[in-house]
Amino acid sequence: MFTNDGLGGRMTISGVRAAGPHWRSSVVSRQQAWWLPMRRLLAAALLITGLACHEAHAATIDTVAGTGQSQDNGDAGPADKINVGQPFGVEVGPRGALYITEVSNHRVLRLDLAAGTITTVAGCGQQGYAGDGGLAVDAKLNEPYEVRFDKAGNMYFVEMKNHLIRRVDAKTKIISTIAGTGQAGYGGDGGPATKAQFNNPHSIALDHQGGLLVADIGNHRIRRIDLASGMVETIAGNGRRMLPTEGQLARGNPVLGPRALCVAGTTLWVALREGHSVWKLDLTALRWQHVAGSGKKGYSGDGGAAPEATFNGPKGIAVGPDGNVFVVDTENQAIRKLDLKSGRITTVAGAGPEHRGPRGDGGLATQAELDRPHGIGLAPDGTIYIGDTNNHRVRRVR
């Protein structure tokens, strides 16, 4: 063993005195020989602990609504018993409830996340266009795609096959049409939105400046409805099917397939379906800035720079509480995250285009199957809700 021999602090081993530099070198070498394997064991232990911690904090996925079946089996009840046919839009609304646009059954549903129960807030379950001036639950809808709420709790949703936008009053629950005639087309800019024509509008977003923005995808335009005056105008696109260019003025210039919209502050985030990319617009300057996606169809780029990644028909977009952007990469069966600080892209849910299906609940979100997801909503705590459309379920990642 090592002991102090009292001679200038030098050490002896097994009673042998350390007599000079050669002996000191031998002691150091023996100490290194003892410490080296211990250091390796410690490093391995730290690695295993780190991996275990990562595994423990990795996001998991489960189902919060729907049974996997699409047919109408009731308009209210336990969320795990009521069928949700082709959920598209999912939005956290008043009192923390989750609102779901149900395309197959032409309804807007409310999911009480605490109670685990579903109620219908718009649509009688019959396809059509009727009911304005009456209760929203008695109205006929035609494929509602997305839903939003203003500060007063009034509900807005877009009906793709009716080519219009409707509003449900928060107090009276009365439904009305605020834009569109029910006929597909293009026209009406500069006049009342109720006399304007839209062509398969897919997405809407309130701009927090008194306007409602509409992804008029069939016309390759983004349009704005002034909610006070009821007038409509085009703020991006001219009908031509072309990608925008960096720094280009949006008004009067082309945009290719604006499919999904989300507003955060004064920034409009846009996912281009045919353009396989994500862009943003400052709502004051109205100039395009490229954020993600090369414009080519594919599934690549995770871990790298977002502008060089590839998407395949993105159809949903949302901004999280940390300011990062989440994109529904529909045909890749994935949800992808754009980290705005690092500029990098990752997949946070879905195992990719080769893994289309219903499996994965209870496991890691990145190993789960999805089936053509369309909608996405973020809760204040960062929980992700997904309209997993062809699985007829709403999934949760946390």
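Checking the stated criteria, Lys337 turns out not to satisfy the condition of being under 12 Å from the mean Cα position of the chain (by Cα), under 19 Å from Val263 (Cα atoms) and open to solvent by less than 30 Å² (accessible area, probe 1.4 Å).
Considering the range 68-82, the residues that are within 23 Å of the chain's Cα centre (by Cα) and surrounded by fewer than 17 Cβ atoms within 10 Å (Cβ to Cβ) include one that is farthest from Arg398 (Cα to Cα), namely Gly68.
Return yes or no: is Phe198 in contact (Cβ under 8 Å) with a residue 60 or more places away in the chain and in contact with a Gly (Cβ under 8 Å, 6 or more places away or on another chain)? The answer is no for Phe198. In the range 297-306, is there at least one residue being farther than 18 Å from Glu146 by Cβ, open to solvent by 20 Å² or more (accessible area, probe 1.4 Å) and polar (S, T, N, Q)? Yes, the range 297-306 has at least one match.
On the given criteria, is Tyr129 within 17 Å of Phe198 (Cα to Cα), surrounded by 14 or more Cβ atoms within 10 Å (Cβ to Cβ) and not acidic (Asp, Glu)? So Tyr129 fits the description; yes.
In the range 163-233, counting only strands (runs of 3 or more DSSP E) that sit wholly within it, the ones holding 1 or more residues that are open to solvent by 20 Å² or more (accessible area, probe 1.4 Å) and under 29 Å from Pro94 (Cα atoms) span 164-168, 175-179, 203-206, 221-226. Would you confirm whether or not the range 274-291 contains a residue that is under 20 Å from Asn219 (Cβ atoms), surrounded by 23 or more Cβ atoms within 10 Å (Cβ to Cβ) and touching a helix residue (DSSP H, G or I) at 6+ places or on another chain (Cβ under 8 Å)? No, the range 274-291 contains no residue that is under 20 Å from Asn219 (Cβ atoms), surrounded by 23 or more Cβ atoms within 10 Å (Cβ to Cβ) and touching a helix residue (DSSP H, G or I) at 6+ places or on another chain (Cβ under 8 Å). Kindly indicate whether Glu143 is of a type in the set (Asp, Glu), open to solvent by 30 Å² or more (accessible area, probe 1.4 Å) and within 23 Å of Lys315 (Cβ to Cβ). In short, yes. How many residues, within the range 353-393, are closer than 20 Å to Arg259 by Cβ and part of a strand (DSSP E or B)? The total comes to 11.
Among the criteria (1) in contact with a Pro (Cβ under 9 Å, 6 or more places away or on another chain); (2) surrounded by fewer than 22 Cβ atoms within 10 Å (Cβ to Cβ); (3) not aliphatic (A, V, I, L, M), the one Thr330 does not fulfil is (2).
For the range 307-321, taking the residues that are out of contact with any Lys or Arg (no Cβ under 6 Å at 6 or more places or on another chain) and either modelled with pLDDT under 95 or within 23 Å of Phe88 (Cα to Cα) (or both), the one that is most open to solvent (accessible area, probe 1.4 Å) is identified as Pro321.
The values are calculated or read from the model by the stated rules, or taken from the named source; none is laboratory data. Bear in mind that the values here come from a model prediction, so they are computed numbers and not experimental data. Positions of Cβ are backbone-derived with ideal geometry, glycine not excepted, and every protein chain shown enters the neighbour counts. Just so you know, the surface numbers come from the protein's heavy atoms only, side chains and all, with ligands and any DNA or RNA stripped out. Shrake-Rupley method; radii C 1.70, N 1.55, O 1.52, S 1.80 Å.
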